[in-house]
């Protein structure tokens, strides 16, 4: 009896084992973890707002994305809302608004902020907000901002620990600029362009 061979133009199908599936799965996880880590350390970082120092513009338990790229190619600007390391405890991040940049002269007097000799126009605040002085920005005492340093103050002046108390922050302490809020659902979206303070 003759043996017959059946020929086919198709290559033989390899047998995919459970081990192959597991290896593929873990390889995919490693790739996504690497991409996620690169995004977290280089491009953007999520933060949760804790406290009311930026109320009403940002509320307790808001979730935001901080842009970490902009300040690698440009300088922080007056009016930018930034996340930075707490100068007194680097394990804690703060969110505040930049009000003065290197070379600016700033003072607190009569419940207002004066920048470079003129009363600061702050359209993001209620007209009733009173800005009190602190241990660093003493009442009526003008301070010049050093190179590489910034003055950051919370929008909710009565409930904010900020540069009025502990002074300048450095460029190196700034993590990035707030650009997107992804929670709560009714305020999801790109954060509006910063109020430019001139």
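Since every read-out is calculated from the coordinates, none of them should be taken as a lab result. Since this is a predicted model, take the numbers as computed values, not measurements. We place every Cβ from the backbone using ideal geometry, glycine too, and count neighbours over all the protein chains shown.
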When the Cα centres of region 99-151 and region 43-86 are compared, how far apart do they sit, in Å? 20
Stretchable slack from residue 63 to residue 86, in nm (0.36 nm times residue separation minus alpha-carbon distance): 6.4 nm
Could you tell me the relative contact order of region 46-190? Use alpha-carbon pairs under 8 Å, at least six residues apart, and round to a whole percent. 30
Mean Cβ-within-10 Å packing, highest first, puts peptides 85-96, 48-59, 123-134 in the order 48-59, 85-96, 123-134
